[in-house]
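**Student:** Pasting a structure below so you can have a look.
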Amino acid sequence: MKLTITFLAIVLISVLISGCTHSSQQPSYASPNQITSTPTVATLNHASTNQMTPIPASSKTTSSIKDDFSKTVSARVMVISKNWDSTPELDGIAIYPALLDANEKTITFDKIPLTVDIDIWSTKYDSKYNEVKDQIVYKGTGTILNWEEGSIFGTGIRVPFNEIKAPSDKKLGWTYITIHTPDGKSYSDVNKLTRLSAD
């Protein structure tokens, strides 16, 4: 009897120790800048447009209806300065275009190429000290193949700083995007805090 109780006590202590050890382990997180494949970086051609290929990403706020562009009411664009090589300097900007429904949730779609027109402007102040558009410093076109490619969690559509032809005294500008949907409609938005150079 004492041997049985001793054995059960040892088993119980072993289980408790094992459980405590397991629960103290931290979960593993993916790096937010982890890239599984190399994107095609936009290159300037003299015909007036650039072809850009974004990288798939993920999003947490999405519409529950997939591939239904009739629910689209607006677009949203976010722009972030990025470093995408091994050097410490910033290389360019990543543009994140998304379509939104009436509840401001992302419209989900997959394997449907959507054209995204991109215009970047430098700005100036008018006589009433209002910030206004000055010069167009970049004009290009990108394509997103699914909703994830426009997600803030991915790399977005990349535009290198050396393709943005901004005056040296202009550090920030505005990015205008227009997303064209298969039903013939277009949705636009502007980001008014776009970095124009690595300096």
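**Student:** Within region 68-89, can one find any residue that is at pLDDT below 95, touching a helix residue (DSSP H, G or I) at 6+ places or on another chain (Cβ under 7 Å) and not aromatic (Phe, Trp, Tyr)?
**Tutor:** No: region 68-89 contains no residue that is at pLDDT below 95, touching a helix residue (DSSP H, G or I) at 6+ places or on another chain (Cβ under 7 Å) and not aromatic (Phe, Trp, Tyr).
**Student:** Please verify whether LYS185 is of a type outside the set (Val, Ile, Thr) and free of Cβ contacts under 8 Å to residues at least 60 places away in the same chain, treating the condition exactly as stated.
**Tutor:** no
**Student:** Out of region 162-176, which residues are of a type in the set (A, V, I, L, M, F, W, C) and closer than 23 Å to ARG76 by Cβ?
**Tutor:** Correct list: ILE164, LEU172, TRP174.
A quick yes/no check of all residues on (1) at pLDDT 95 or above; (2) surrounded by 17 or more Cβ atoms within 10 Å (Cβ to Cβ); (3) more than 16 Å from the chain's Cα centre (by Cα):
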{"position": "PHE109", "(1), (2), (3)": "no, yes, no"}
{"position": "ILE120", "(1), (2), (3)": "yes, yes, yes"}
{"position": "TYR125", "(1), (2), (3)": "no, no, yes"}
{"position": "VAL137", "(1), (2), (3)": "yes, yes, yes"}
{"position": "ASN146", "(1), (2), (3)": "no, yes, no"}
{"position": "GLU149", "(1), (2), (3)": "no, yes, no"}
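For every residue, the table says whether it meets (1) in contact with a strand residue (DSSP E or B) (Cβ under 9 Å, 6 or more places away or on another chain); (2) in a loop (DSSP other than H, G, I, E, B); (3) of a type in the set (S, T, N, Q).
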{"position": "THR115", "(1), (2), (3)": "yes, no, yes"}
{"position": "ILE118", "(1), (2), (3)": "yes, no, no"}
{"position": "TRP121", "(1), (2), (3)": "yes, no, no"}
{"position": "TYR138", "(1), (2), (3)": "yes, no, no"}
{"position": "LYS170", "(1), (2), (3)": "yes, yes, no"}
{"position": "GLY173", "(1), (2), (3)": "yes, no, no"}
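The values are calculated or read from the model by the stated rules, or taken from the named source; none is laboratory data. It should be emphasised that the depicted structure is a prediction, and the values quoted were computed from it without experimental measurement. Because the Cβ atoms are built from the backbone with ideal geometry, glycine has one as well, and the counts that use them run over all protein chains shown.
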